[in-house]
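So the structure is just underneath, and the comments pick up after that.
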């Protein structure tokens, strides 16, 4: 028998109580693992964006369009190495729940600005030359079992066409992969001209302009020059780098980081109260036993190790259980194309285990103080 | 016999609220090595307090308490804990076994404080359980044993680290006569064959009869001393 055996036996002596506390902590860390994974993927995705790419959008709001002519004017500015434009299509396949990240773009320019989108030469040619060609991310192609050459109909939640409907017919011309880790492989792209000539409103308007600058430093100068060029016009621009734009885009759904912190914080405080209270009651119920250990000659350090060890063992083992469960859920979700980029990075594991360690120490604090200050004679009821 | 314990002018007071309650005042006592002394007396006479002082789980308020000539009352808390682990074995009325541990594990507890390895600890546990006649119950939990068996496990735990002194607080108080006699036989064996010094607090004259002598304590004063060797 070792001290660890004692700690383990103490912890497991009331199996139902242990199970309940274990579940409370594990569920909280399951939540922690999932939310942190989502947040880290979002943060990682925007960090993976290139610092020298700029997004030009309408200063009022990025949902407001810009005149088509702006793209050429931006391209003419010094420092802009490559320029493309993209217009949000708001597309879905068959029914709105099959929502697609879909853009109408100028294909050649767009592929130049986004070199990480990888597709074979034949598919590239096919996409560039088919007016209704659709370039599909690998994940989306797998999700809907689309094959090259297949005709698909995508509906727009924004635009209507001149045939009086919302559906556009496309041919899957290319399926791309992304060279970047966690890079997007879900979006679909098609020719701007196809949209522009068939839509009933918004003609010659574009959603945003993407500018590739030489480097990040040059990007700042170019961004300033662009916004200066369109100052005091009906459509003033706001130019930011890609990472800032992605963060602003996410911010429209709320501050994900703050939401994660609030949810995890609330769960942590609740856990602290529940587990701390239980450990304190536990400690009070075991006053006599602590007195016995002391009467047997167990020094303060041993008693401290037993009390703290029990809290730590509970917190860390339950947290590990919750994190492993979260890892399993993430792995399961990754099999779905919708969550293909989801991952639970080492930082989430380390952060979770660190929080569990802290939880163990905090919940042990009061029982530890009680145990160390315990008078043996009083504990044994011998006064 | 040389004195294992020497108490001189020992006083002990407790504060209850704002009131100071005196338990002993100038108590004198000598306990020789190898003694088996029973301490009897009515409730509140100070028997348990005396046992606490001898076992180092309580401190004297004044006077001198020596163990083999060493001033025990000058020990720090940590040194007292070490001293207790090395020299004292406690046997309580209510056994005080750890319910989540098997008999052998309960007996092993004091050995966790030693440098013995696992095999040596197992040997010592086996010997201690043999001494109390309970080796066949080594893997049983306290709840699976009778009161007498639990107390024998408690005795095995008290003696496994080979202490010089066994302090017994009503060790047969919760047992029937037959079980009590079996426990007292073990204690007498430990005193006679193994040379353990035993101080036993009891209300039971039949239990006290197993001791070499009986001291009667009343209101913190020894009122009668006997040398009734059995």
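Which order do A:153, B:61 fall in if you start with the one that has the fewest other Cβ atoms within 10 Å?
Details: A:153 11, B:61 17.
So the ranking, lowest neighbour count to highest, is A:153, B:61.
Order the peptides B:196-202, A:363-369 from the highest to the lowest mean number of other Cβ atoms within 10 Å of their residues. Before the final figure, lay out the partial values.
Details: B:196-202: 24.9, A:363-369: 19.6.
Answer by packing, highest mean first, reads B:196-202, A:363-369.
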Counting only C-alpha contacts under 8 Å and six or more residues apart, can you give the relative contact order of the stretch A:66-125 as a whole percent?
26
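Rank the residues B:172, A:270, B:49 as a footprinting-exposure proxy: fewest other Cβ atoms within 10 Å of their Cβ go first.
Working: B:172 27, A:270 12, B:49 22.
Ascending Cβ contact count within 10 Å gives the list A:270, B:49, B:172.
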Mind telling me which of B:43, B:179, B:94 comes out most flexible in a GNM of chain B, alpha-carbon contacts under 10 Å?
B:43
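Fewest first, what order do B:185, B:73 take by the number of other Cβ atoms within 10 Å?
Lowest count first: B:185, B:73.
Using Cα pairs closer than 8 Å and at least 6 residues apart in sequence, work out the relative contact order for chain A, in percent. Please report the intermediate quantities before stating the final value.
Details: 630 pairs, mean separation 106.3, N = 383.
Relative contact order of chain A: 28 percent.
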Report, in degrees rounded to the nearest 10, the 0 to 90 angle that the Cα long axis of helix B:177-194 makes with the longest principal axis of chain B.
80
Residue with peak Gaussian network fluctuation, chain A [Cα springs, cutoff 10 Å], from A:150, A:186, A:36:
A:150
With the crude spin-label approximation of a point 7 Å out along Cα→Cβ, what separation in nm comes out for residue A:69 versus residue A:353?
6.2
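What does the average come to when, for each residue of peptide B:108-117, you count the partner chain Cβ atoms lying within 10 Å of its Cβ?
On the way: counts 2, 7, 3, 1, 10, 5, 1, 0, 0, 0.
So the per-residue partner count for this stretch is 3.
What ranking, highest mean first, results for peptides A:306-314, A:70-78 when packing means the other Cβ atoms within 10 Å averaged over each residue? List each step's numbers first, then the result.
Details: A:306-314: 21.7, A:70-78: 16.1.
Highest to lowest by the protection proxy: A:306-314, A:70-78.
Hey, with R₀ at 25 Å, roughly what FRET efficiency would residue A:148 and residue A:94 work out to, going by the Cβ-Cβ distance, to 0.05? Walk me through the numbers before you get to the answer.
On the way: r = 20 Å, r/R0 = 0.78.
Once the sixth-power term is evaluated, E becomes 0.80.
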I'd like the orientation of helix B:147-159 relative to chain B: the angle between its Cα long axis and the longest Cα principal axis, in ° from 0 to 90, rounded to 10.
80
With the contact rule set at Cα under 8 Å and sequence spacing of 6 or more, what percent relative contact order holds for chain B?
28
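To two decimal places, what compactness ratio does the protein assembly as shown give when its Cα radius of gyration is scaled by 2.2 N^0.38 Å? Numbers along the way, then the final one.
Details: Rg = 40.3 Å, N = 613, 2.2 N^0.38 = 25.2 Å.
With N residues counted in the protein assembly as shown, Rg over 2.2 N^0.38 Å equals 1.60.
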Relative to chain A, whose Cα atoms define the longest principal axis, helix A:346-373 and its Cα axis are tilted in degrees, nearest 10, by 20
Using a basic spin-label model with each label point 7 Å from the Cα along Cα→Cβ, how many nm lie between residue A:16 and residue A:378?
3.2
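Out of every Cα-Cα pair in the stretch A:162-293, what percent are more than 25 Å apart? Walk me through the intermediate numbers first.
Details: 5472 of 8646 pairs.
Roughly 63 percent, once rounded to a whole number.
Where a number appears in this text, it was derived from the coordinates with a stated rule and is not lab data. From a predicted model like this one, the values you see are computed outputs, not experimental measurements. All Cβ positions, even for glycine, are placed from backbone atoms using ideal geometry, and neighbour counts span all protein chains on display.
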